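Worksheet for the structure shown next.
The values are calculated or read from the model by the stated rules, or taken from the named source; none is laboratory data. It should be emphasised that the depicted structure is a prediction, and the values quoted were computed from it without experimental measurement. Neighbour counts are summed over all protein chains in view; Cβ atoms, including those assigned to glycine, are modelled from backbone coordinates with ideal geometry. These accessible areas exclude ligands, DNA and RNA; they are computed on the full protein's heavy atoms, side chains included. Shrake-Rupley method; radii C 1.70, N 1.55, O 1.52, S 1.80 Å.
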Amino acid sequence: MSRFFHSRYASLKQYTPGEQPRDKAYIKLNTNESPYPPSDRVVQAVEQAVKNAHLYCDPSCTLLRREAARVYQVDMDEVLCFNGSDEVLSFAFSAFGEDGVAYPALSYGFYPIFARMNLVEGLPIPLVGQMRIVPEDYHQMGKAIVIANPNAPTGQFLPPEAVEGIVRSNPNHVVVIDEAYIDFGGQSALPLIKKYENLLLTRTFSKSHSLAGARVGFGFGCKELMRDIDTLRCSVNPYNVSSMGQAAGLAALEENGYYMACCKAVAQTRETVRNQLLNLGFSVTPSLANFLFASHPDIPGEKMYQRLRDKGILVRWFNQEGIRDFVRISIGSPRQMEDFMTAVQTILQEERHA
Ligand code: PMP
């Protein structure tokens, strides 16, 4: 740290993204990316867009917002575009966290960091039993709330009725529902933004629309909430989504059916892999996301992670109290998952004979 760094950031802990090693080709099951590459139409749209990269992009993301409004059946002033959903989540902490922000104690690791970074109080709410969020724990919270739905890294899904109960019982605070993984089988709470002025919903194209590297995310809410968030966005970086990102997002939305079919394929693979892991003696939390959270009594999570890595397969292990036995496995293509299962079986056999 230099002696010039603002003292308020002295103890800021940065987010650790999943590793992206370049030393060799890995089967990447560690950052919840889509195993399916962007469609030809998206590639062509980006190729066109880059020809005008000497000009600033549209700061209002007009075409992308218009198409998002059409596909998701909201008004144009009820949606904003971001440089990935991390960006809108950070703004939400800053904009609506004056009384503090509550979030599940086991959830997306960025939430406590957003709280700290935006100088708001973060309040982790413990999970119960098998790492489950209890919706009633968030009723009359007296603070803003952020919940990933489905949650990460467990994949647990709260139905829209449970979300609505939380939103309804906190009329004086904003409830943020982070739907990064909603397209893999959950039912979105998006229609509720028409009914509740305190619901902010975030989405990303990083997983469902094969655009993790393009950085395209969305915020949905009533127009007043959107205006607040937009004030922050335009005070930081009005050109937050590049022209290539906007073009990619627009082309992907125009082929939404294709991407939804990809999500469905991922969800089917997830169920196959879950059953295979259960048959091998793993505990696996039920998941409606594009990942599984699994532990095995014969091998600690870190060792499983390391052994898989040695075999060229990356999964995510969190060095965190209470979940060290687990690894999070992103769902890849059926072929990748066959290789993963073969590696897991070999590792378990070797472990038994060790
Ligand atoms: N929310 C959750 C729960 C996530 O797991 C992620 C991905 N790391 C994000 C939001 C952010 O995704 P992105 O910034 O790529 O849109």
Exercise for review: Would you check if there is a residue in segment 160-168 being in a loop (DSSP other than H, G, I, E, B) and either closer than 18 Å to V101 by Cα or of a type in the set (A, V, I, L, M) (or both)?
Suggested key: no
Practice item. From (1) buried (at least 17 other Cβ atoms within 10 Å of the Cβ); (2) under 30 Å from L225 (Cα atoms); (3) of a type in the set (K, R), pick out the condition that doesn't hold for R70. Key: (1)
Practice item. Can you work out which of the residues in segment 182-208 that are assigned to a loop (DSSP other than H, G, I, E, B) and closer than 21 Å to R270 by Cβ is nearest to the ligand (Cβ to nearest atom)? Key: S206
Check your understanding: Name the residues in segment 298-333 that are open to solvent by 70 Å² or more (accessible area, probe 1.4 Å) and assigned to a helix (DSSP H, G or I), would you?
Key -> E302, K303, Q306, D310
Check your understanding: Which residues, taken from segment 169-181, are under 14 Å from the mean Cα position of the chain (by Cα) and either farther than 20 Å from G97 by Cβ or more than 15 Å from the ligand (Cβ to nearest atom) (or both)?
Key -> Y181
Revision key, fill the gap. Selection from segment 227-256 of residues away from the ligand (no atom under 16 Å from the Cβ) and part of a loop (DSSP other than H, G, I, E, B) yields P238, Y239, E255
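Just give me the residues in segment 107-119 being more than 11 Å from the ligand (Cβ to nearest atom) and not charged (D, E, K, R), in sequence order. Walk me through how you get there before you give the answer.
Narrowing segment 107-119 to residues more than 11 Å from the ligand (Cβ to nearest atom): 112-113, 115-119.
If the condition is that a residue be more than 11 Å from the ligand (Cβ to nearest atom) and not charged (D, E, K, R), then P112, I113, A115, M117, N118, L119 are the ones that fit.
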Practice item. Please find, within segment 113-133, the residue that is most open to solvent (accessible area, probe 1.4 Å) out of those that are under 21 Å from F93 (Cβ atoms) and touching a residue at least 60 places away in the same chain (Cβ under 8 Å). Key: L119
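Just to be sure I understand, how many residues within segment 134-151 are open to solvent by 10 Å² or more (accessible area, probe 1.4 Å) and either among the acidic types (D, E) or within 15 Å of the ligand (Cβ to nearest atom) (or both)?
Filtering segment 134-151 for residues open to solvent by 10 Å² or more (accessible area, probe 1.4 Å) gives 134-137, 139-143.
Of the ones still in play, those that are also either among the acidic types (D, E) or within 15 Å of the ligand (Cβ to nearest atom) (or both) are 136-137.
So the answer is 2.
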Study note, to complete from the structure: Checked segment 82-106 for anything open to solvent by 10 Å² or more (accessible area, probe 1.4 Å), part of a loop (DSSP other than H, G, I, E, B) and within 11 Å of the ligand (Cβ to nearest atom); matches are N83
Check your understanding: Does S295 meet the test of being open to solvent by less than 30 Å² (accessible area, probe 1.4 Å), within 13 Å of the ligand (Cβ to nearest atom) and of a type in the set (G, A, S)?
Key -> no
Exercise for review: Report yes if some residue within segment 209-226 is open to solvent by 30 Å² or more (accessible area, probe 1.4 Å), within 18 Å of E67 (Cα to Cα) and away from the ligand (no atom under 12 Å from the Cβ); otherwise report no.
Suggested key: yes
Exercise for review: Return the only residue of R41, R70, R65 being more than 16 Å from the ligand (Cβ to nearest atom), of a type in the set (K, R) and touching a residue at least 60 places away in the same chain (Cβ under 8 Å).
Suggested key: R41
